[in-house]
1. So, of the residues in the range 94-131 that are free of Cβ contacts under 8 Å to residues at least 40 places away in the same chain, not β-branched (Val, Ile, Thr) and not in a loop (DSSP other than H, G, I, E, B), which turns out to be farthest from Ala64 (Cα to Cα)?
2. In the list Val117, Val161, Val127, which residue meets the criterion of being at pLDDT below 90, crowded, with 19+ Cβ neighbours inside 10 Å and in contact with a Leu (Cβ under 9 Å, 6 or more places away or on another chain)?
3. Condition check: at pLDDT below 90, touching a strand residue (DSSP E or B) at 6+ places or on another chain (Cβ under 6 Å) and assigned by TED's automatic domain parsing to the domain that holds Asp14. Does Gly65 satisfy that?
4. Working carefully through the options Val79, Val54, find the one that is crowded, with 16+ Cβ neighbours inside 10 Å and touching a residue at least 60 places away in the same chain (Cβ under 8 Å).
5. Of all residues being surrounded by 14 or more Cβ atoms within 10 Å (Cβ to Cβ) and part of a loop (DSSP other than H, G, I, E, B) in the range 134-156, which is modelled with the lowest pLDDT? Just the residue, please.
6. Among the residues in the range 167-177, are any within 19 Å of the chain's Cα centre (by Cα) and either outside the structural domain of Gly190 (by TED's automatic domain parsing) or assigned to a loop (DSSP other than H, G, I, E, B) (or both)?
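The values are calculated or read from the model by the stated rules, or taken from the named source; none is laboratory data. These numbers come from a predicted model, not from an experiment. Heads up, the Cβs are rebuilt from the backbone with ideal geometry, glycines too, and the neighbour counts pull from every protein chain shown.
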Amino acid sequence: MLFIELLVPKGVFDEQERRGLAGRLTARRLLSAAHGETAADPGVLDLFDSLTHVVVREEEIWAAGGTVPDLSQGPCYVVNVIAGMWGKEMSEHLIARITAELAEAEGNPEPRAVVNVISVPEGSYGVRGWAYRSPDMLQLIEEAKTGQAVAAPEGMVVDPVCGATVPRKDAVILERDGQTYGFCCAHCRGHFAKQSHDVKAS
C-alpha cells in the first residue's frame, strides 16, 4: 500500500544503519500512534505491511539551496511516500510519524527531513496484477481484519471498517439507526454506508 523511498547523502550511514532506517519505516510502525500504540486492527496492519516496500538510496550528488549541505550539522533526508489513493487522508499522519522515526534514530528532535506524500489517482494502484480502486482495497482490508474488537480509549473511536483508532474530533461521522459511527476517512465511511445499505436491501 505504501512505497517509501528514503534518500540520504552518500557515505553518511553504513549498510547496517541504512537497514535500521528502513526498518523504522514499515507500515506497522508508521500506522501506529505516536507512542507505539496499535492504531489499527492487527490483521489490517499485516496486510499493509505485506503491501509496503521501503528502499533507502544513497545519493552521490546532493545540493540544497544551490549548495552542498553541511553534514556536520547532522544528516539530511528526503522521503518520498507513494500512499496509494489515500495520500491526502494519510499525509499529516505519515509526515509526523516519518519525521518522528528519523528524529528518534538520529537522537535529534528536529531532523533535517523533507517528506513528500504522493497520491495516485483512483484506479492507478495495482495489486496482484489488477488495478485496484478504493472499494477493492476496502474489501481486502475487511477480509484482513481479525475482528479483535478493542474498546476505544476516552475521546477516540474505532473505525468499524479498518479497525483504526482515531480521535473523535478528527473522525468522519455517520449517524445510522440511532447509532453514531466514527471513521478514519470518507472512504471507510462510504464503504460502511454502502455495505449497510446492501444488507438492508437484501
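1. Checked the range 94-131; the qualifying residue farthest from Ala64 (Cα to Cα) is Trp130.
2. Val161
3. Working: at pLDDT below 90: yes; touching a strand residue (DSSP E or B) at 6+ places or on another chain (Cβ under 6 Å): no; assigned by TED's automatic domain parsing to the domain that holds Asp14: yes.
Considered against the rule, which asks whether it is at pLDDT below 90, touching a strand residue (DSSP E or B) at 6+ places or on another chain (Cβ under 6 Å) and assigned by TED's automatic domain parsing to the domain that holds Asp14, Gly65 comes out as no.
4. None of the other options fit; the residue is Val79.
5. Top of the filtered list is Ala152.
6. Yes: one or more hits.
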